[in-house]
Structures are given as structure tokens and as C-alpha cells.
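Please treat every number below as a calculation from the coordinates, not as lab data. Note that the structure is predicted; figures quoted are calculated from it, not measured. All Cβ positions, even for glycine, are placed from backbone atoms using ideal geometry, and neighbour counts span all protein chains on display.
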Amino acid sequence: MRILRHQRDDKRIATVTPQGDQFRLTNWRPNGPSSHTVLSAKELEREIAWDWTEDPSAGETLEAWSNTPEWERGLKGLQVLAAWNTCSFYGRYDLGRTLYAETDIDKALALIPGIMRELGVSRLF
């Protein structure tokens, strides 16, 4: 795995992992993963040249971030987003609105198993 630090934003770290004959570039921030893209080797090298610096020590920063309340909250938020995306995919915006109407993230997470049952799915997108 390659670990990169963004050249202009020290709150962005990326990891690069092989995915078949392509590479997955995952962006991380202090509150967890923020995005990913799959690139060819040529596209990856262009992306790195434009925006990133190889920095194996960034792994220590990533490790430190992963032990914070901000990271834990970010991961919870991603679970809620995945549930909303799944509701949207199945055209069940009513369930998505119910999920987002909950102002407490832990209570919103507690709604997800019931939403999954209602949708008849075993996993979220």
C-alpha cells in the first residue's frame, strides 16, 4: 500500500491499493474516509504528480486520527449516508426522510436495521 499526503491540504491523506489491473485511491480526513476513485496506473501517477507527495509517515497521522471521537462520528455518518443511498436506490425517499429527520446520530443508526428489513436488503450501498 502506498501512503500519500496532499500537497496543499495537510488534513488529507490518501492510500493506494491495487484493485485488479487498476488502483483504488482513497482519501482520508480527520473524520474518516471522504472519497475514493479507481484509476489506471497512468491516471494514478498523474493524480499523484499533480496533488500528492509520497509520505509513509502519513500513516502515523492516519492512525492517530482513527483513535478520535471525530473519526468515530464520521464513520457513523457514513453508515447513515449508506442507508440513505440505499433508500434512494430503491426509490424509498420516505424512509430516507425518516432517517434524516432524526437529529441524534445514534438514534438514526438504530433505525437502519428496520429500514433494511423494510427494503428487503441484507447490506447497504
Q: Please work out the FRET efficiency for the pair Q19 and S66, using the Cβ-Cβ distance as r and a Förster radius of 30 Å; give the result to the nearest 0.05.
A: 0.85
Q) Would you list D55, D94 from fewest to most Cβ contacts within 10 Å? A) D94, D55
(Q) Given a 10 angstrom Cα cut-off, can you work out which residue in W50, W71, W84 is the most mobile in a GNM of the chain? (A) W50
Q. Tell me, what ³J(HN,Hα) does each residue in the stretch 49-58 have, in order and in whole Hz, if you take phi through Karplus 6.51 cos²θ - 1.76 cosθ + 1.60 with θ = phi - 60° and put x for Gly and Pro?
A. 4, 6, 10, 10, 10, 4, 7, x, 5, 5
**Q.** I105, I13 arranged by Cβ crowding within 10 Å, fewest neighbours leading
**A.** I105, I13
Q. Calculated FRET efficiency, V121 and Y100, Cβ-Cβ r, R0 22 Å, to nearest 0.05?
A. 0.75
**Q.** In Hz, Karplus ³J(HN,Hα) per residue of the stretch 118-125 (6.51, -1.76, 1.60; θ = phi - 60°; x = Gly, Pro)
**A.** 4, 7, x, 10, 9, 8, 8, 7
**Q.** Structure-derived Rg and Dmax of the Cα atoms in Å: which label, when the choices are (1) 17.3, 46; (2) 16.7, 58; (3) 16.8, 61
**A.** (1)
Q | Total charge dipole magnitude, the stretch 2-67, about the Cα centre, Cβ charges on Lys, Arg, Asp, Glu only, Debye to nearest 20 | A | 160
Q) How big is the C-alpha Rg of the stretch 2-67 next to the rule-of-thumb value 2.2 N^0.38 Å, as a ratio? A) 1.04
Q) Ordered by residue, what ³J(HN,Hα) values in Hz, to whole numbers, does the stretch 85-90 give under the Karplus form 6.51 cos²θ - 1.76 cosθ + 1.60, where θ = phi - 60° and Gly and Pro are x? A) 4, 5, 4, 4, 4, 8
